[in-house]
Amino acid sequence: MENYILLYGDKKKEDNICIKNMFKNNKQINLGWTDFDYNKNMKTIEELIESGIKQIIFSGLEIGWNKEIKDLKEKYKDIKIKVICTTQDSLLYYDYERQNFFDLLELSKNNVIDDIAFLRKGQYEIYKSLGYKCSFLRENYILDKENKKEAKKKNEIIDIGIYPLNYTWDKNVFNQLCIAKYIENSNLNYNELDERMTDFVNTMDINGTIDKIEDIDEKSIIEKTAKNDINISLSFTEYMHPVFWISMEQGVPCIIGNTIDFLQDEKVSKLKNYIVTTAEDNSIINSKMVEKCLGNKDEIIKLYKDWKEEYNNLAKQSLKEFIEK
């Protein structure tokens, strides 16, 4: 479990929050835009191999990494190379995602990489059935006690946090902002990614406060989510859920979209019914969920903690199996 290194880039910062938490041995490398980036990355990786690293795991396949992986496999035939898939079929709508994903599949077909880890079980089962060498890696996040922030003290105003980390269609931004319109005595704290978000909040006459995240990292998300009574993270499609994990780990309920593989066991159906919506684009339904969560906060956090203890073990086992495969 110790002779690996996880390599990540800075393009998908929200993914890195969870990935770096899951894989403690990690290092950032450049995206492969230029020959300078390629050479710098190859030098870094070769130094890691010379230091005793036997397995290289890439967090996603970003631009330029395709060539680096091919050249590494050619030069170091005994080194295992694996890739964590950081996209979904739904996101192949984007040219960048589609091209990199097809390159990833091609690397697998040609036995250049040893394994692909999928974070969604359905995606894993599809590509496994198609003959690709792959694993199901359970997404997880564990917040260390010393990093937790003091939770908000109760007052008459209900603080609702909405922190989309990208301004794209799949983040379902405006449907989420609408939810606060239906919650009396509420204040919406939101990450303003575009001025149109504030225009919308003002037009809808929602009591809102810009709560901008200047740099997407673990510390920022911890600080933002802790200040609210409840947080909302309702993307249309998602494979990593950092806002959800960090909020729940701090004891602040977070309503999430039906974009998850965890909470599927019948034993946690009660928790799922509290926090997993069936309609990401229905702000009225989701406002009622918010009210229900606020009235059952203590029970929700207890259900979460009871479930999470067991889930941590399952996630740790899937991580171990992926690394040792």
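What follows is calculated from the coordinates using simple rules that are stated; it is not laboratory data. Just so you know, these numbers come straight off a predicted model, no measurement behind them. So basically every Cβ, Gly included, is an ideal-geometry build from the backbone, and we count neighbours across all protein chains shown.
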>> Can you list residues from other chains, or at least 5 along the same chain, whose modelled amide H is less than 5 Å from the amide H of Ser135?
In response: Ile116, Ala117, Phe118
>> I'd like the distance separating the alpha-carbon centroids of segment 68-114 and segment 116-173, in whole Å.
In response: 22 Å
> Once you have the alpha carbon radius of gyration of segment 144-262, what is it after dividing by 2.2 N^0.38 Å, with N set to its residue count?
Replying inline: 1.00
> Using θ = phi - 60° and the Karplus form 6.51 cos²θ - 1.76 cosθ + 1.60, what ³J(HN,Hα) does each residue of segment 23-28 get, whole Hz, x for Gly and Pro?
Replying inline: 10, 5, 8, 9, 7, 7
> If amide H atoms are built 1.01 Å from N in the plane of the peptide, which residues on other chains or at least 5 residues away come under 5 Å of the amide H of Ile260?
Replying inline: none
>> What percentages make up the Cα-Cα pair-distance distribution of segment 247-325 when the bins are 5 Å wide from 0?
In response: 3, 14, 23, 22, 17, 9, 6, 3, 2, 0
> To the nearest 10 degrees, how steep is helix 297-324 against the longest Cα principal axis of the chain, on a 0 to 90 scale?
Replying inline: 0 degrees
> Hey, what do the phi angles of segment 190-201 turn into as Karplus ³J(HN,Hα) couplings, whole Hz, using 6.51/-1.76/1.60 and θ = phi - 60°, x for Gly and Pro?
Replying inline: 9, 7, 6, 8, 8, 4, 5, 5, 5, 4, 5, 4
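Determine the dipole magnitude for segment 212-273: charges of +1 sit on the beta-carbon of Lys and Arg, -1 on that of Asp and Glu, nothing else is charged, the reference point is the Cα centre, and the result goes in debye to the nearest 20.
The dipole magnitude comes to about 260 debye.
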> Rg/Rh for segment 202-293: what does it come to with C-alpha atoms and Rh from Kirkwood?
Replying inline: 0.96
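Any idea what the alpha-carbon Rg over 2.2 N^0.38 Å comes to for segment 1-131?
1.00
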> What does the charge add up to near Glu2, with Lys and Arg as +1, Asp and Glu as -1, over the other residues with Cβ less than 12 Å from its Cβ?
Replying inline: +2
> For q = 0.09, 0.12, 0.13 Å⁻¹, what log10 I(q)/I(0) does segment 79-214 give under the Debye formula with an equal point scatterer on each alpha carbon and no solvent?
Replying inline: -0.46, -0.72, -0.79
> Looking at segment 7-61 from every direction and averaging, what is the projected area of its Cα convex hull in nm²?
Replying inline: 3.8 nm²
> What percent do you get for the relative contact order of the chain when only Cα pairs under 8 Å and 6+ apart count?
Replying inline: 15 percent
> Where does the Debye-calculated log10 I(q)/I(0) of the chain sit at q = 0.11, 0.12, 0.15 Å⁻¹, using only Cα point scatterers of equal weight, no solvent?
Replying inline: -0.73, -0.85, -1.23
>> Need one number: nm distance between label points at Glu214 and Asn166, each 7 Å from Cα along Cα→Cβ, rounded to one decimal.
In response: 2.4 nm
> Given H placed 1.01 Å from N in the peptide plane, which residues other than close sequence neighbours of Asn231 have an amide H under 5 Å from its amide H?
Replying inline: Gly161, Cys254, Ile255
> List the aspartates and glutamates whose alpha-carbon lies under 13 Å from that of Lys148, not counting same-chain residues fewer than 8 positions away?
Replying inline: Glu218, Glu223, Glu249
> Taking the Cα atoms only, what angle lies between the long axis of helix 95-109 and the longest principal axis of the chain, rounded to 10 degrees?
Replying inline: 40 degrees
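Could you grab the relative contact order for segment 236-325? Cα pairs under 8 Å, six or more apart, rounded to a whole percent.
26 percent
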